[in-house]
Structures are given as C-alpha cells and as structure tokens.
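The values are calculated or read from the model by the stated rules, or taken from the named source; none is laboratory data. These figures come from a predicted structure and were not determined experimentally. Note: ideal-geometry Cβ built from the backbone for every residue, glycine included; neighbour counts use all protein chains shown.
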Amino acid sequence: MDSGKKEKYEALFSIFNKVLAQGKNSGNKIYSIHQPHVKCIAKGKEAKKYEFGNKSSIVKTKKSGIIVGAMAFIENVYDGDTLLPQLA
C-alpha cells in the first residue's frame, strides 16, 4: 500500500483493530466507529438502563436562569464530580 494512503487511514484501521479485539468484559470499548469517543453511561432506570454519549454539565443562575457555564467531559465522571471544574 502507498505510504501516503497508509498514513491517511492509520487512525481508522486502529479503531477497526480495537473493535475486533474487544470482548464482552473489555474496558475502554468502542461503541461507535464514526465517534469513537462516545461512552456508555448507566442511567439506573428500568426502561432505559444505558445511554451512549458524553457527560455534559450546565450551570445556570438560581433566580434568572441565565446559563453561566457549560462543559463537556470526555470521561464518564460521576455527576457530583462535575461541580468543582464548573466553579473554577
């Protein structure tokens, strides 16, 4: 294969290899080839136990409801651990 083409598709082949190698109990699974950063988030609800995406945190003022901060987290962090980064 042409070296230029190999470099162009190297990241995509890396994702394919991770998908093929992952098992049922593997950590850091790939759930979407087109968006490999997507995580599985446990919801704890009977009807919809899991959701796929990224964790977001939005802060608004109590009285006026104006949004004063918004962040997206790459890792699936606990909800309580999103407050300190927002306050900073």
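Just to verify a result, which residue in region 1-15, among those that are surrounded by 10 or more Cβ atoms within 10 Å (Cβ to Cβ) and basic (Lys, Arg), is modelled with the lowest pLDDT?
Per the criteria, the residue is 6.
Within region 59-88, work out how many residues are closer than 23 Å to residue 42 by Cβ and surrounded by 12 or more Cβ atoms within 10 Å (Cβ to Cβ).
Number of matching residues: 8.
Looking only at region 16-32, count every residue that is surrounded by fewer than 12 Cβ atoms within 10 Å (Cβ to Cβ) and either within 11 Å of the chain's Cα centre (by Cα) or under 22 Å from residue 72 (Cβ atoms) (or both) and tell me the total.
Initially, region 16-32 is screened for residues surrounded by fewer than 12 Cβ atoms within 10 Å (Cβ to Cβ), giving 17, 20-21, 23-28.
Add one more test, that the residue is either within 11 Å of the chain's Cα centre (by Cα) or under 22 Å from residue 72 (Cβ atoms) (or both), and what stays is 27-28.
Number of matching residues: 2.
I want to confirm something. Restricting to region 33-58 and keeping residues that are touching a helix residue (DSSP H, G or I) at 6+ places or on another chain (Cβ under 8 Å) and farther than 30 Å from residue 87 by Cβ, which single residue is surrounded by the most Cβ atoms within 10 Å (Cβ to Cβ)? Reasoning before the result, please.
First, the residues of region 33-58 that are touching a helix residue (DSSP H, G or I) at 6+ places or on another chain (Cβ under 8 Å): 33, 36, 55, 57.
Add one more test, that the residue is farther than 30 Å from residue 87 by Cβ, and what stays is 33, 36.
On the way: 33: 11, 36: 16.
So, considering only residues that are touching a helix residue (DSSP H, G or I) at 6+ places or on another chain (Cβ under 8 Å) and farther than 30 Å from residue 87 by Cβ, the one surrounded by the most Cβ atoms within 10 Å (Cβ to Cβ) is 36.
Take region 1-37 and flag every residue that is free of Cβ contacts under 8 Å to residues at least 12 places away in the same chain and among the basic types (Lys, Arg).
Selection gives 5, 6, 8, 24, 29.
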